[in-house]
Amino acid sequence: MSALRTFWKDKQVLITGHTGFKGSWLCLVLHSMGARVHGYALEPPTNPSLFEEAKIHELVSSTISDVRDYKSLLATLKKVQPEIIIHMAAQPLVRESYKNPVETYSTNVMGTVHLLEACRQAGGVKAIVNVTTDKCYENREWFWGYRENEPMGGYDPYSNSKGCSELVTSAYRSSFFNEKEYEKHGVALASARAGNVIGGGDWAGDRLIPDFIRAISTGEEVMIRSPYAVRPWQHVLEPLTGYLTLAERLFSNGTAYAEAWNFGPDDSDARNVEWVISTICKMWGKDASYKIDTHPQPHEASYLKLDCSKAKARLGWFPRWNLETALKSIVDWNKAWLGKKDIRVVTEDQISNYFNY
């Protein structure tokens, strides 16, 4: 990891979606590595938010705007002149996508188009990582992991919009950032697909662990849906490290790494929802319990895993924390937050522990 830290020192980086959960963690990681970070996003999507609780606005510069606003996005790129862009701005929730499909598609598809077109017009960008999701694949409910060459799909608007974002990325890479013309355009573009990301500071609605934290902090019983659905759970620092490793390779080696990449946990950490909640209840201690919601639920995939062999073999990226370690870090983080500890310090300590693990 020391080589990765050395690479990022003084790099000019633009993060879209930096006020969100993953974006806030990424800001803190990059700040710890000495990068110069500018964020482009809407106001924090939740209250409370990690962005506000950790006072991340003190560490990075920001443009508060929408990726659907092409003129604003282009103006920001021309002003900031980033060398590397990590695109995470999105409508990230499956159930929300059923309620607001137009917003989901306009943000996740056209937001990607706007970002890539702004990069093309502004110039100067060398590496772009478009962050999508494991749900972009055509889900066949099989028991082995999806590989990067599997067909795109998506049953619900969120998953489908992320599959569309992958297709947009592929089209821009072929049409405008083609490897045969790399000497002319100088841009290496890749996409990154991660599993169910968890960690301290996630207060999004309709997510398993945030729902648990909300319930336990108010003395309520935790309600879970789809208890037997299997997901590739991973701590947020796992895929973020993957994105940073990929971006470094794109910057240093150009189009040799300009393709799609999976970043997921080992197979042993693909667990069902009930296992995750029962484990975190035991870790939390007294007064933590759950019950199963028997009401009809919108369709979500029941079995989903990623094959990350390519990232392990070609990038040298491997998961560092197993699921139990990740869940313990979440319990510790949230107990610290409820105890009114300095959340920036708590989060930075977990980042340090992760990289020294």
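The values are calculated or read from the model by the stated rules, or taken from the named source; none is laboratory data. Computed from a predicted model, the values in this text were never measured in an experiment. Because the Cβ atoms are built from the backbone with ideal geometry, glycine has one as well, and the counts that use them run over all protein chains shown. Side chains are part of the model used for accessible areas, which takes the heavy atoms of the whole protein and leaves out ligands, DNA and RNA. Shrake-Rupley method; radii C 1.70, N 1.55, O 1.52, S 1.80 Å.
Scanning segment 141-164 for residues being of a type in the set (Ser, Thr, Tyr), touching a Ser or Thr at 6+ places or on another chain (Cβ under 9 Å) and open to solvent by 10 Å² or more (accessible area, probe 1.4 Å) gives a total of 1.
Screening Glu183, Glu138, Glu179 for residues that are modelled with pLDDT under 95, open to solvent by 50 Å² or more (accessible area, probe 1.4 Å) and acidic (Asp, Glu) leaves exactly one candidate, Glu138.
Conditions (1) within 30 Å of Lys126 (Cα to Cα); (2) more than 23 Å from the chain's Cα centre (by Cα); (3) not acidic (Asp, Glu), marked per residue:
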{"site": "Asp206", "(1), (2), (3)": "no, no, no"}
{"site": "Phe212", "(1), (2), (3)": "no, no, yes"}
{"site": "Ser252", "(1), (2), (3)": "yes, no, yes"}
{"site": "Asp266", "(1), (2), (3)": "no, no, no"}
{"site": "Asp269", "(1), (2), (3)": "no, no, no"}
{"site": "Ile277", "(1), (2), (3)": "no, no, yes"}
{"site": "Ile280", "(1), (2), (3)": "no, no, yes"}
{"site": "Met283", "(1), (2), (3)": "no, yes, yes"}
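Cβ separations smaller than 6 Å between residues 6+ apart or across chains give the following pairs from segment 314-343 residues that are closer than 29 Å to Leu250 by Cβ to residues that are surrounded by fewer than 16 Cβ atoms within 10 Å (Cβ to Cβ) and of a type in the set (D, E, K, R): Phe318/Lys312; Pro319/Asp266. Restricting segment 228-240 to residues that are of a type outside the set (D, E, K, R) and in contact with a Pro (Cβ under 9 Å, 6 or more places away or on another chain), the residue that is farthest from Gly23 (Cα to Cα) is Pro232. Residues in segment 289-329 that are within 30 Å of Glu220 (Cα to Cα), modelled with pLDDT of 75 or more and crowded, with 18+ Cβ neighbours inside 10 Å: Tyr290, Leu304, Trp321, Leu323, Ala326, Leu327, Ser329.
When segment 100-135 is filtered for residues that are open to solvent by 60 Å² or more (accessible area, probe 1.4 Å) and small (Gly, Ala, Ser), only Gly124 remains.
Quick one: is Val13 within 16 Å of Cys119 (Cβ to Cβ), part of a loop (DSSP other than H, G, I, E, B), open to solvent by less than 60 Å² (accessible area, probe 1.4 Å) and touching a residue at least 12 places away in the same chain (Cβ under 8 Å)? So Val13 fails the test. On the given criteria, is Arg231 of a type in the set (Lys, Arg) and either open to solvent by less than 10 Å² (accessible area, probe 1.4 Å) or part of a helix (DSSP H, G or I) (or both)? For Arg231, the condition - of a type in the set (Lys, Arg) and either open to solvent by less than 10 Å² (accessible area, probe 1.4 Å) or part of a helix (DSSP H, G or I) (or both) - is not met.
Among the residues of segment 75-96, those identified as touching a residue at least 24 places away in the same chain (Cβ under 8 Å) and open to solvent by 30 Å² or more (accessible area, probe 1.4 Å) are Lys78, Gln81, Glu83, Ala90, Pro92, Leu93, Arg95, Glu96.
Could you say whether any residue in segment 209-219 is aromatic (Phe, Trp, Tyr) and either at pLDDT 90 or above or open to solvent by 10 Å² or more (accessible area, probe 1.4 Å) (or both)? No, there is no match, as no residue in segment 209-219 is aromatic (Phe, Trp, Tyr) and either at pLDDT 90 or above or open to solvent by 10 Å² or more (accessible area, probe 1.4 Å) (or both).
Scanning segment 186-202 for residues that are in a loop (DSSP other than H, G, I, E, B), modelled with pLDDT of 95 or more and either in contact with a strand residue (DSSP E or B) (Cβ under 7 Å, 6 or more places away or on another chain) or not acidic (Asp, Glu) (or both) yields Gly186, Val187, Gly199, Gly200, Gly201.
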